Amino acid sequence: MDSRLIYVVAVARAGSFTAAADAVGVTQSAITKSVADLERQIGYSIFYRTSRGSFLTAEGRDFIDRAARLLEDAGDLLRKPRDQEDVYAGTLRIGVGPASIEWRLIEPLSLLLQRHPSIKFDILGSTFERTVEMLRNGGIDVALGFDAAFSEWSDIRREPISGIQSMHFVRRGHPILERGAITSKDLAEFDFVSPSDGRPYGAVIRQIYEDEGIEWRRRVHIVDYFPLARRIVARSNAIGVVAAPYATLPSFHARFATLDQAAGLPPSLMCCAIRKRWEPKPAVRAFIKAVRETEAIALEPHTGASGVIA
């Protein structure tokens, strides 16, 4: 294995060249030279160098995702048979897109830890697009997200799980609540707060504005953190998106109203996604099994800090 990959991943994890050198037991100059040599070979910078440390560039983030996966796979391949007795031991990297649906992991991960306590989790919440990218380049082992986000990629296999019904919601006292049947034209008068501009909600929300000849980018706020989205809706006339189970909670109902009379959002089928060309390791299969076994529990309302936003 190219030692430069070991060094560059160490810098990414440690946050500086000095700390990385201490972590792997070489000199800082050796780390600096190796990373610089690697950047010359691939033709782009992996890090921004600042006085406060080293930070990944956009291209560097992708490179590190793949390099870390290669190093872990090499470690698995070279591990002695006696170390393989527990096939579930090690880190399971789970991508969640968008990050605001991380609440769906509560029950599956609890069950998985009961069954296989040797599993260690690395949860990476991001946008739909970023999650797909990390899955395809090997940065994560399995992804949890909306089926539509993965459907275009022939190299990804989707394992369907229960979907989520989502709804439009506004603050109590919102002017749109004074109207009778709420049309798409009514919705287009106000801003939207959406967890993503991608599938499955992005296309629906964009269409609302495009039908009225309005540039949607000027009216849609992309907020993938439900407590913040909820606060924006509570303090403005923006319209948000909420999962139906969460909308039944008394704490939500006291401050917000769902637009039941408006054209609803399509049901959002969810899935676990894995790469077709790589055989999923036992921990991935165990995770998918746990997700399916806890679907009914996972769809019950939760009141955690993450909110319940689909």
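The values are calculated or read from the model by the stated rules, or taken from the named source; none is laboratory data. Just so it is clear, the structure is predicted and the values come from calculations on it, not from any experiment. Methodologically, a virtual Cβ is constructed for each residue, glycine included, from the backbone with ideal geometry; neighbour enumeration extends over all protein chains shown.
Look at A181 and say whether it is of a type in the set (A, V, I, L, M, F, W, C), in a loop (DSSP other than H, G, I, E, B) and surrounded by fewer than 18 Cβ atoms within 10 Å (Cβ to Cβ). So A181 fits the description; yes. Of the residues making up segment 228-240, those that are exposed (fewer than 15 other Cβ atoms within 10 Å of the Cβ) and closer than 16 Å to A257 by Cα are R231, A234, R235, N237. Determine whether I164 is surrounded by 19 or more Cβ atoms within 10 Å (Cβ to Cβ) and within 30 Å of P282 (Cα to Cα). When the stated conditions are applied, I164 passes them. Taken over segment 155-169, the criterion of being part of a strand (DSSP E or B) and over 25 Å from I239 (Cβ atoms) is satisfied by I156, R157, R158, E159, P160, I161, S162. Being under 22 Å from E72 (Cβ atoms) and out of contact with any Ser or Thr (no Cβ under 8 Å at 6 or more places or on another chain) is true of V26. Taking A148 as the residue in question, decide whether it is within 13 Å of the chain's Cα centre (by Cα), surrounded by 15 or more Cβ atoms within 10 Å (Cβ to Cβ) and either outside the structural domain of R277 (by TED's automatic domain parsing) or in contact (Cβ under 8 Å) with a residue 60 or more places away in the chain (or both). For A148, the condition - within 13 Å of the chain's Cα centre (by Cα), surrounded by 15 or more Cβ atoms within 10 Å (Cβ to Cβ) and either outside the structural domain of R277 (by TED's automatic domain parsing) or in contact (Cβ under 8 Å) with a residue 60 or more places away in the chain (or both) - is not met. Remark: pairs (first residue in segment 98-125, closer than 19 Å to A148 by Cα and touching a residue at least 24 places away in the same chain (Cβ under 8 Å); second residue of a type in the set (F, W, Y) and surrounded by fewer than 18 Cβ atoms within 10 Å (Cβ to Cβ); Cβ separation under 7 Å; 6+ apart in sequence or on different chains) = S100/Y225.
Note on segment 204-216: among residues that are part of a helix (DSSP H, G or I) and in contact with a helix residue (DSSP H, G or I) (Cβ under 9 Å, 6 or more places away or on another chain), the one that is farthest from W103 (Cα to Cα) is E210. For S100, the conditions (1) buried (at least 20 other Cβ atoms within 10 Å of the Cβ); (2) modelled with pLDDT under 85; (3) under 21 Å from R275 (Cβ atoms) are fulfilled apart from (3).
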